[in-house]
1. Taking 0.36 nm per residue of sequence separation and subtracting the Cα-Cα distance, how much length would be gained by fully extending the chain between Ile13 and Asp103, in nm to one decimal?
2. In Å², what does the accessible area per residue of region 19-98 work out to with a 1.4 Å probe?
3. So if R0 is 25 Å, what FRET efficiency would Lys6 and Ala119 give, r being the distance between their Cβ atoms, rounded to the nearest 0.05?
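The values are calculated or read from the model by the stated rules, or taken from the named source; none is laboratory data. This structure is a prediction, so every number in the text was calculated from the model and none was measured. So basically every Cβ, Gly included, is an ideal-geometry build from the backbone, and we count neighbours across all protein chains shown. Surface accessibility is based on the protein's heavy atoms, side chains included, excluding ligands, DNA and RNA. Shrake-Rupley method; radii C 1.70, N 1.55, O 1.52, S 1.80 Å.
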Amino acid sequence: RNTTLKELLLSSIHIGDEGISALATGLVLNFTLTRLYLHSNQIGDEGATSLARALAQNSRLSKLGLDDNQIKGAGVSALASGIALNSTLTYISLYNNHAIFNDDDAHLIAINITKKAAANAAMQEGAAPPLSNMIALLSELDKLNRTTVPVRFSQSPQQSTSCDEGKKESPRLKG
């Protein structure tokens with residue numbers, strides 16, 4: 001049982017859906033890991049669904065990176081549901097998954113991440129998160145409300161919904 005590891009970076013090892021399912025099982029029992037980065041691992045909808053079930057039960061993970069995988073609509077929907085039940089995740093990155101996000105899923109992810117980030121910031125600092133972060137996210141949510149076509153999170157910033165956390169070219173939902 002892990003008692004010290006707080007961050008795990010497993011990028012570009014092609015773990016796939018089967019490997020993520022095994023990792024997700026361990027994530028349910030996790031009490032210390034707060035940051036998990038799984039970039040470029042050929043994770044698809046099945047793996048994202050396994051991860052979503054784990055997120056629904058996990059009470060420590062605050063950051064999750066899933067860039068450059070193969071997660072599509074069904075996986076995004078599952079993640080949105082898992083995030084809604086999770087109490088600690090305040091950041092998720094789904095850059096370059098070529099998934100079409102429907103408005104409901106994008107909205108659910110953004111709202112839940114924002115609420116948790118605001119609550120965590122208030123508890124840790126006695127104040128709300130930076131106003132600029134909240135304004136940027138609300139602006140993106142407003143764009144989602146006005147669009148009639150699915151929002152695509154992709155390589156092109158013009159096609160993405162983005163709140164920046166250090167990489168301008170990387171679309172992100174963050175609180």
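1. 29.2 nm
2. Numbers: 2730 Å² over 80 residues.
Result: 34 Å² of accessible area for each residue.
3. Efficiency for this residue pair is about 0.75.
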